[in-house]
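Single-structure report; data block below.
What follows is calculated from the coordinates using simple rules that are stated; it is not laboratory data. A quick note: this is a predicted structure, and the numbers were derived from the prediction, not measured. Methodologically, a virtual Cβ is constructed for each residue, glycine included, from the backbone with ideal geometry; neighbour enumeration extends over all protein chains shown.
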2 protein chains.
Amino acid sequence: MPKISSKAGAMPSSPIRKLVPFAEQAKKQGRTIFHLNIGQPDIETPEVMLQAIKNSNIRVIEYTHSAGNESYRKKLAAYYQKFNMPVATEDIIITTGGSEAIEIAMMTCFNPGDELIIPEPFYANYNGFSCAADLVIKPIRSSIENGFALPPIAEFEKLITPKTRGIMICNPGNPTGYLYTHEELEALKNLIVKYDLFLLSDEVYREFCYDGKQYVSVMHLEGADQNIVLLDSISKRYSACGARIGAMISKNKEVMTAALKFAQARLSPPTFGQVGAEAALETPQSYFDAVTKEYTARRDFVIDALNQMEGVFCPKPSGAFYCIARLPIDNADTFCQWLLESFHYNQKTVMLAPATGFYSTPGAGMNEVRLAYVLNLDSLREAMTCLSEALKVYPGRTINN
Amino acid sequence: MPKISSKAGAMPSSPIRKLVPFAEQAKKQGRTIFHLNIGQPDIETPEVMLQAIKNSNIRVIEYTHSAGNESYRKKLAAYYQKFNMPVATEDIIITTGGSEAIEIAMMTCFNPGDELIIPEPFYANYNGFSCAADLVIKPIRSSIENGFALPPIAEFEKLITPKTRGIMICNPGNPTGYLYTHEELEALKNLIVKYDLFLLSDEVYREFCYDGKQYVSVMHLEGADQNIVLLDSISKRYSACGARIGAMISKNKEVMTAALKFAQARLSPPTFGQVGAEAALETPQSYFDAVTKEYTARRDFVIDALNQMEGVFCPKPSGAFYCIARLPIDNADTFCQWLLESFHYNQKTVMLAPATGFYSTPGAGMNEVRLAYVLNLDSLREAMTCLSEALKVYPGRTINN
């Protein structure tokens, strides 16, 4: 029997996946599970997007241009320009979700064995994409104490070796919810210019910024055009994760020419997703206002509830719809499994993501969990009650009640 | 300015792509171009598929299961069973087109530097996927004289080295239209078992077999379950290239477990494509009967017309909707460019794919072109007239008229 590749053997499996059988078992026992473990929003997709797909007059579902429909790319460039991001049509390749934007960007910019510095905790699938592209992630610790702000530039410089070829960030951050400031991004820019590195910035949560705080994109930075690659997706913006439409964006012509060859090999992004995404650009501002209001209320409730629990600390995020909380527990993996396997409060329990999956440094995040506040307030209230009760009786709790 | 990766620099660009600017120029000059260069069928997508997408009652376009919707996988397994292919639901991962099935299968089965033997001419994008996965393609020449039948097994054995990890075929073949016989596939099976290799079989043209000839799948072979990976797509079957729905299939549990990790990293295949693909399984047999009849008529016309041209030889294919013709020309790349740039017959011309892009051996296919008979008979008639006239006046023709 032939063996699978060593790369396939090394592909990471996220700690959340390991919990799935326990969640299924709990459901079989008739328990209600509040899913705060995944970034699948409950918000409805904009009507204008759904209608465009229903009303499309397609008779033959043809390949589109490998870079995506030109009509969509043109309108998408205009969308970025509304954010004062100087993106032209030719700077855009439409991808199959943000996932493919990451894959193609990594293969275009980095050789096998190259090192990529990423502030941790970071989106767990960066591990999988790096493994597929044979890259080495060099994590740099950000701290829950200051809400996961950008680590000092001096700490980045300590990690730079001749093999370092790039830095990757997520802004607003998954899993932290942290929104990088203009100063932090300027400092990063100076660093990438100094060492001639690529900066890959995953900004799929652009529309989710709270408290009037300003979103700063890497595309706002001046003087580093050739080093910067923006990774985007409509999944969260329009609650359209299954449309599988994203984008890879850069002003670097050599990067885009090479990226297009990868895009051509896979032929084209999905047709119906593009039809919907193009129409979704007409989504009224009232949709986003309502969504922002809803997420702000959810965030405020969850963060307050968490910080009121004894021994819990959770910084207040300014963006995305995640937060990372430090809990008085011995082991987040064990705790999250226990919540599903052994705990219920009135036949209800909560599913969380152990933060260990978001850290690359072994042992990091052992007493932290990520919560996605993607449920309505009533469900969040019940979920927080479950968590509060669970922390009182969890055998591995590290404080006495 | 940071440099792109050497992999990105090495990504091949197909000879067809190089012709696109010349086609655009010809169109600007008001010329009609008959596109026989690409496998984008003109056949309508089945109504049942289009209606399912229009009528889907989706309010939130959510991620699906990373392996694809279970309801779809169950029905797809039943579809294969109708062909007497012993495929179970758990043997299937739904992919984003056949392209992603190839990508994931290559990454799962092969390490960087591994050698993969592929009979040439082969589908040009295998080059791109192999480059992305850092594989080395070892081409084995098949011959136009016998219609591109499987080369003798002894020739395969000559190519096998300690680095050889697999063999890849396309059946029915793109670009050859050749349909492998049961004997040929049995011989291949014995070879892969003998040397413990993976056999990747791309069978996306299953529904396009003519003259009552029997389609034999690698899934029909006995005793090599653990070595075999089937790659599939609905793109051609339902004329739904833009749906981006394919499948990777194997009875090898280790392969499928590893492949699922790659699938999980990219989250899920497109939702609307899956909705359509599931419904498309209800496409009535009459649709396929009509399509087969239409393609048979097109093939018969094109092959006859080609072989009637002086100095042209084109074997009659039994499957897919392509054929490779040998022309009395000096250089297929030059000829195909000349057709667009310098030739017209009553303001009409034809776009063909130079066969050089389907060969990995340098210099091979220099006097061959691929034709996709994806236009209606009237257009094909005009296209063949154009080609016939062109061959009479092409400056690089190798026979005198």
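Descriptive notes on the structure:
- Sorted by Cβ density within 10 Å, fewest first, the residues B:Thr95, A:Thr356: A:Thr356, B:Thr95
- Sorted by Cβ neighbour density within 10 Å, fewest at the top, the residues B:Arg381, A:Arg165: B:Arg381, A:Arg165
- For A:Lys158, the lysines whose Cα comes closer than 21 Å to its Cα, not counting residues fewer than 8 places off in the same chain, are A:Lys138, A:Lys189, A:Lys194.
- Here the average projected area of the convex hull drawn through the C-alpha atoms of region A:1-58 stands at 9.2 nm².
- Rounded Å value of the spacing that divides the Cα centres of region A:324-383 and region A:108-176: 24
- Footprinting exposure proxy for A:Thr45, A:Thr292, B:Thr398 (fewest neighbouring C-beta atoms within 10 Å first): B:Thr398, A:Thr292, A:Thr45
- Between helix A:15-28 and chain A: long-axis angle, C-alpha atoms, 0 to 90°, nearest 10: 60
- Within 10 Å of each Cβ in B:250-258, the average number of Cβ atoms from other chains: 3
- Partners of A:Lys261 within straight-line reach, counting aspartates and glutamates whose Cα lies under 18 Å from its Cα and excluding those fewer than 8 residues away in the same chain: A:Glu70, A:Glu90, A:Asp91, A:Glu100, A:Glu103, B:Glu100, B:Glu103, B:Asp134.
- Degrees, to the nearest 10: B:332-341 long Cα axis against longest axis of chain B: 70
- Theoretical ellipticity at 222 nm over chain A - DSSP helices of four or more residues, -39500 (n - 2.57) apiece, nearest 500: -12000 deg cm²/dmol
- Using a 7 Å projection from Cα along Cα-to-Cβ, the label point at B:Arg141 is separated from the same position in the remaining copies by 6.3 nm, smallest value first.
- Counting Cβ atoms of other protein chains within 10 Å of each Cβ in A:238-246 and taking the mean gives 6.
- Largest first, the three principal axis extents of the alpha carbons in region A:47-280 are 57, 41, 30 Å in whole numbers.
- In degrees, nearest ten, helix B:182-195 long axis to first principal axis of chain B (Cα): 60
- Straight Cα distances below 19 angstrom link A:Lys82 to the lysines A:Lys74, A:Lys213, A:Lys236, A:Lys251, with same-chain residues fewer than 8 positions distant left out.
- Globularity index of region A:170-260, i.e. its alpha-carbon radius of gyration over 2.2 N^0.38 Å: 1.12
- Per the Cα gyration tensor, region B:278-401 maps to an equivalent ellipsoid with semi-axes of 29, 17, 13 Å, ordered largest to smallest.
- Projected onto their three principal axes, the Cα atoms of chain B cover extents of 60, 58, 54 Å, largest first.
- Candidates B:Ile53, B:Ile117, B:Ile92, ranked by Gaussian network fluctuation over chain B, Cα under 10 Å, top entry: B:Ile53
- Ordering of A:293-304, B:119-130, B:19-30, B:332-343 by packing is B:119-130, B:332-343, A:293-304, B:19-30, highest average first (other Cβ atoms within 10 Å, averaged per residue).
- For region A:306-378, the percent of C-alpha pairs falling in each 5 Å distance bin, counted from 0 to the bin holding the largest distance, reads 3, 15, 22, 28, 21, 9, 2, 0.
- Measuring nothing but how far apart in sequence close Cα pairs (under 8 Å, 6+ apart) lie, relative to its length, chain B scores a relative contact order of 25 percent.
- Position A:Ser286, label points 7 Å along Cα→Cβ, spacing to each other copy in nm (shortest first, one decimal): 4.7
- The mean number of partner chain beta-carbon atoms within 10 angstrom of a residue's beta-carbon across peptide A:59-72 is 4.
- Net charge contributed by nearby residues that have their C-beta within less than 15 Å of B:Ser71 (K/R +1, D/E -1): -2
- For region B:43-186, the convex hull spanned by the alpha carbon atoms encloses 161 Å³ per residue.
- Taking a sphere under 14 Å around the Cβ of B:Glu44 and counting the other residues whose Cβ falls inside, with K and R at +1 and D and E at -1, yields a net charge of -1.
- Beta bridges assigned by DSSP with both partners in region A:47-280 are antiparallel in approximately 30 percent of cases.
- Nm distances between copies for B:Glu70, ranked from closest, using label points 7 Å along Cα→Cβ: 4.6
- Local electrostatic count, B:Pro151, Cβ distance below 13 Å [Lys/Arg +1, Asp/Glu -1]: -2
- For region B:237-302 versus region A:10-31, the gap between their alpha-carbon centres in whole angstrom: 29
- Reported value for the protein assembly as shown: 159 Å³ per residue, from the convex hull of its C-alpha atoms.
- Sparsely packed trypsin sites (Lys or Arg not before Pro) within region B:239-280, loop by DSSP, other Cβ within 10 Å at most 16: none
- Averaging the sequence gap over all C-alpha pairs within less than 8 Å and six or more residues apart, then dividing by the number of residues, gives region A:47-280 a relative contact order of 30 percent.
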